[in-house]
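The block underneath contains the structure these notes are about, expressed in C-alpha cells.
Coordinate-derived values only; no laboratory data. All values reported here derive from a predicted model rather than from experimental measurement. Cβ sites come from the backbone with ideal geometry, for glycine too, and all protein chains shown count toward neighbours.
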C-alpha cells in the first residue's frame, strides 16, 4: 500500500503531465480549426458561385447545394431572383428559396408564385406552401395574415393533389375556418372530400374534433384501417363512440394501427382506461408493440390522473414481469423488455404505493 505522501506525488505528476499534454496539443488544434474554417469558406464560396452560375448544368448546380450553407447578405437578393425566375428549373428555384431567411422579400416571392396558376409546378408549389407554413411560426400582422390566407384559400380547389393537400394542411394548422368547414361538410356528406380521407379526418382531429363528432362517427367502421384508426383517435372523447373504441383496443384481431391509435387516445379520455389496459400489458399472447403501447399509455395515465393504489401495484408487477421475461427476444419484444426495465425503476421511485409494496415484500 502506498503512503499518503507517495499518493500526493503521483497525483502531482499526473496533473503536471496533463498540463504538458494540454500545452503541446493546443497549438495544433487551433491550427487545425483555422485550416478547417478556411476550407469551409472556400468550399462554400465555390458552391455558391456554381449554384448562381446559370451557364452551369442543373445537375452541377444541384450538386453544389450540399456546400452552400447559410447565404450571406450579398447572396440573398441573387437567390430571390433565381426563385422568382420562372425560366429556371423548379428544383433550382426551390433550393434557392428555401435557403433565404424568412422575411418580407421571401414572402413576396413565394406568394407571387403561389398566386399565379401558370407559375411553378406541383412539387415546387407544394414545397413552398409547406415551407411558408412551417416558417411562419408567429402570428403575423393582420395584413400579412390576410395576404397569406387569401393566396392559400384559392389553392383549396387546385387540381394538383399535392398542392391542394399542402394548402389544407397549412390552413387547418392555423385554424382557418374556411378550410375546416369545407373538410367537415365533405366528411358529413361522405363525398367530394378534397384530400385523402384519412388525411381529412386527421386534419379535423388536429383542429379539434368536438364540433364535428357527428360527421366523424361513420368512419369508425370504415374498411380502411388507417381511416378507422384516425377516426378512433378523433372520437375517443365522444361518449357514444367510446364503447366501440374500447372494443377495438381490446380486440386482438383488429389492425395494429387501429389498436395503437385507440389505446393512445383512450388513455387521455377514459377514466376506466387502466381497467382494460393492464390486462393487455399482462397478456403474453399479445403483440409486443401493442403491449408496449398499453404500458406507455398506463404510465402516462398514472402521471397525470388519479389511479387506484391497487391498480398502481398491479401495473408495477406486470411491468416487472415483462422486464424479467427472457422469452422476449428480437425486434419489438426486446424493446418492450428494455422499456419495462427502465419504467419499473421509475415506478418504484415516483409512486409511494408502489414503493410501499416492494418495501413490504
Practice item. Could you check which residue among 306, 109, 210 shows the biggest mean-square fluctuation in a GNM of the chain with a 10 Å Cα cutoff? Key: 306
**Study point:** For 280, 139, 345, order by how many other beta-carbon atoms lie within 10 Å, fewest first
**Key:** 139, 345, 280
Revision key, fill the gap. Shape descriptor, region 271-361: equivalent ellipsoid semi-axes (Cα gyration tensor, sqrt 5λ, whole Å, largest first) stand at 21, 15, 11
Review point. Given region 226-328 reduced to its alpha-carbon atoms as identical point scatterers, what log10 I(q)/I(0) does the Debye formula return at q = 0.14, 0.16, 0.22 Å⁻¹?
Key: -0.49, -0.64, -1.13
Revision key, fill the gap. The simple spin-label model distance between residue 225 and residue 67, using points 7 Å out along Cα→Cβ, in nm, is 4.7
Revision key, fill the gap. With -39,500 (n - 2.57) per DSSP H segment of 4 or more residues and division by the full residue count of the chain, the 222 nm estimate, nearest 500 deg cm²/dmol, is -23000 deg cm²/dmol
Point to revise | Choice from 71, 209, 194 showing the highest fluctuation, given a GNM over the chain with Cα pairs closer than 10 Å | key: 71
Exercise for review: Please work out which option in (i) 262; (ii) 214; (iii) 140 gives volume of the Cα convex hull per residue in Å³ calculated from these coordinates, and answer with its label.
Suggested key: (i)
Review point. Can you sort 305, 212 by how many other beta carbons sit within 10 Å, fewest first?
Key: 305, 212
